[in-house]
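Novice: Pasting a structure here, questions to come.
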Amino acid sequence: MLDNNLYDQYAILGRIYDWEAKGKQSFPVLIPQDATPGSIEVESLGPKVVDGAHLEVLRVHSTDLEIEIYFDAKFHLVRLEVPAAKVVIVRQ
């Protein structure tokens with residue numbers, strides 16, 4: 001299930017994404033706002049240093065949204081960005 005109003009669900013992508021294979025990977029989702037099934041593409045953008053922290057970045061792309069999610073070395077979600085909306089969410 002992919003609810004654009006719940007950001008914690010993106011943490012799951014860090015667990016199911018195959019970090020060794022890299023590349024674009026597709027996952028089926030259900031979007032409750034639309035009550036429709038769909039899919040998302042997830043792609044590794046590689047490592048990036050943000051505010052002194054070394055993070056791994058995934059880009060999530062659906063039909064109407066692109067999100068970048070940042071994970072620490074243990075693949076815990078620490079940051080989420082929606083570049084088109086200039087939104088940044090940092091987990092405490």
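The values are calculated or read from the model by the stated rules, or taken from the named source; none is laboratory data. Just so it is clear, the model here is predicted, and its values are computed rather than measured. Glycine also receives a Cβ, built like all others from the backbone with ideal geometry; neighbour counts cover every protein chain displayed. Ligands, DNA and RNA are excluded from the accessible area calculation, which covers all protein heavy atoms including side chains. Shrake-Rupley method; radii C 1.70, N 1.55, O 1.52, S 1.80 Å.
Novice: Determine the sum of side-chain charges near His54: Lys and Arg each +1, Asp and Glu each -1, restricted to other residues whose C-beta is under 13 angstrom from that of His54. List each step's numbers first, then the result.
Specialist: Values: positive: Lys48, Lys74, Arg79; negative: Asp51, Glu56, Asp72.
Residues close to His54 contribute a combined charge of 0.
Novice: Which order do the peptides 55-66, 39-50 come out in when sorted by mean C-beta neighbours inside 10 angstrom, highest first? All intermediate terms of the calculation are to be shown ahead of the outcome.
Specialist: On the way: 55-66: 15.7, 39-50: 13.5.
Ranking, from highest mean packing down: 55-66, 39-50.
Novice: Additional query: Give me the accessible area per residue for the chain, probe 1.4 Å, as a whole number in Å².
Specialist: Numbers: 5820 Å² over 92 residues.
Accessible area per residue, the chain: 63 Å².
Novice: With an 8 Å cut-off on Cα pairs and a minimum separation of 6 or more residues, tell me the relative contact order of the chain in percent. Numbers along the way, then the final one.
Specialist: Details: 160 pairs, mean separation 16.7, N = 92.
After rounding, I find 18 percent.
Novice: At 222 nm, what value in deg cm²/dmol follows for the chain if DSSP H runs of at least 4 each add -39500 (n - 2.57) and the sum is divided by all its residues, to the nearest 500?
Specialist: My calculation for the chain gives -2000 deg cm²/dmol from helical runs alone.
Novice: If you take semi-axes √(5λ) of the Cα gyration tensor in Å from the coordinates, which of (i) 35, 15, 10; (ii) 29, 23, 12; (iii) 21, 15, 11 do you get?
Specialist: Checked against the structure: label (iii).
Novice: Round to a whole number: what % of the accessible area of the range 11-92 belongs to carbon and sulfur, probe 1.4 Å? Don't jump to the answer; show the numbers that get you there.
Specialist: Values: 2860 of 5140 Å².
Ligands and nucleic acids excluded, carbon and sulfur give 56 percent.
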